[in-house]
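What follows is a single structure, written as structure tokens, with notes after it.
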Amino acid sequence: MVLKIELLDGQRHIRSDFSCGKDSLDTYLCKQATQDLKRKVATIFVLVDHPQMLVLGYYTLSAYTVHISALGEEFAKHLSRYPALPATLLGRLAVDHGQRGKRFGEFLLMDALKRSLDTTSQIASLAVIAEALDGEALRFYLRYGFRQFNQHPMKLYLPMKLVAGLFAR
Ligand SMILES: CC(C)(COP(=O)(O)OP(=O)(O)OC[C@H]1O[C@@H](n2cnc3c(N)ncnc32)[C@H](O)[C@@H]1OP(=O)(O)O)[C@@H](O)C(=O)NCCC(=O)NCCS
């Protein structure tokens with residue numbers, strides 16, 4: 001089995017058996033993802049085992065804006081006072097239930113962060129934003145350095161400077 005992260009291809013990748021335990025994330029992958037890709041609402045990257053082509057996990061990325069007041073003071077004080085600031089939304093991240101604990105979640109997260117960072121050489125983005133569906137997801141993101149939004153503790157951000165630091169080592 002060879003693992004690869006690829007842009008979702010509705011014809012080649014097998015998604016029908018994907019189940020991460022959260023209905024909204026399963027339904028999204030099977031029913032909505034290719035539409036979002038086509039309409040440029042989100043890019044969907046899938047972790048696939050070759051040659052079976054089964055989807056073992058996925059994440060989505062989109063352009064996003066964030067209000068400066070949502071961010072922590074320490075981070076915000078270095079930013080320009082524009083009403084809306086550019087960011088990258090890691091909208092969804094999920095690993096199939098049967099594949100948990102194999103560091104696939106971490107692998108997908110690091111790939112999403114690296115891709116977000118690489119994109120900043122063309123389109124500026126000051127942070128990666130994630131939304132946690134529940135307490136477990138929140139703990140997952142917090143362990144990788146994400147910080148909670150001021151008024152919305154289930155919404156998190158990781159400053160792009162910290163992302164750059166991760167990959168500078
Ligand atoms: C969260 C999720 C992506 C983690 O995937 P995974 O492949 O099982 O996680 P990994 O094997 O990569 O774990 C990496 C580290 O995170 C920890 N971790 C994994 N899931 C965790 C969770 N729910 N809460 C806290 N820590 C978690 C692991 O213990 C491991 O830590 P270690 O470095 O001390 O060993 C997966 O559980 C999932 O798909 N959950 C349902 C969907 C979801 O909640 N998505 C997140 C936001 S929408």
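Computed from the coordinates by the stated procedures, all read-outs in this text should not be read as laboratory data. These numbers come from a predicted model, not from an experiment. Cβ: placed from backbone, ideal geometry, glycine included. Neighbour counts: every protein chain shown.
For this structure, a couple of remarks:
- On the stretch given as the range 119-149, residues that are closer than 19 Å to Phe75 by Cα, among the small types (Gly, Ala, Ser), surrounded by fewer than 19 Cβ atoms within 10 Å (Cβ to Cβ) and away from the ligand (no atom under 16 Å from the Cβ) total 1.
- Of the residues Phe18, Phe75, the single one that is outside any loop (DSSP other than H, G, I, E, B), of a type outside the set (S, T, N, Q) and surrounded by 12 or more Cβ atoms within 10 Å (Cβ to Cβ) is Phe75.
- Residue within the range 105-118 that is in contact with a strand residue (DSSP E or B) (Cβ under 6 Å, 6 or more places away or on another chain), buried (at least 17 other Cβ atoms within 10 Å of the Cβ) and farther than 20 Å from Lys40 by Cα present: yes
- Pairs with Cβ under 6 Å, 6+ apart, first in the range 119-132 and part of a strand (DSSP E or B), second more than 16 Å from the ligand (Cβ to nearest atom): Ala127/Ala87; Ala127/Pro159; Ala127/Met160; Ile129/Ala87
- The set of residues from the range 79-104 being of a type outside the set (A, V, I, L, M, F, W, C), within 7 Å of the ligand (Cβ to nearest atom) and either surrounded by 20 or more Cβ atoms within 10 Å (Cβ to Cβ) or in a helix (DSSP H, G or I) (or both) comprises Arg92, Gln99.
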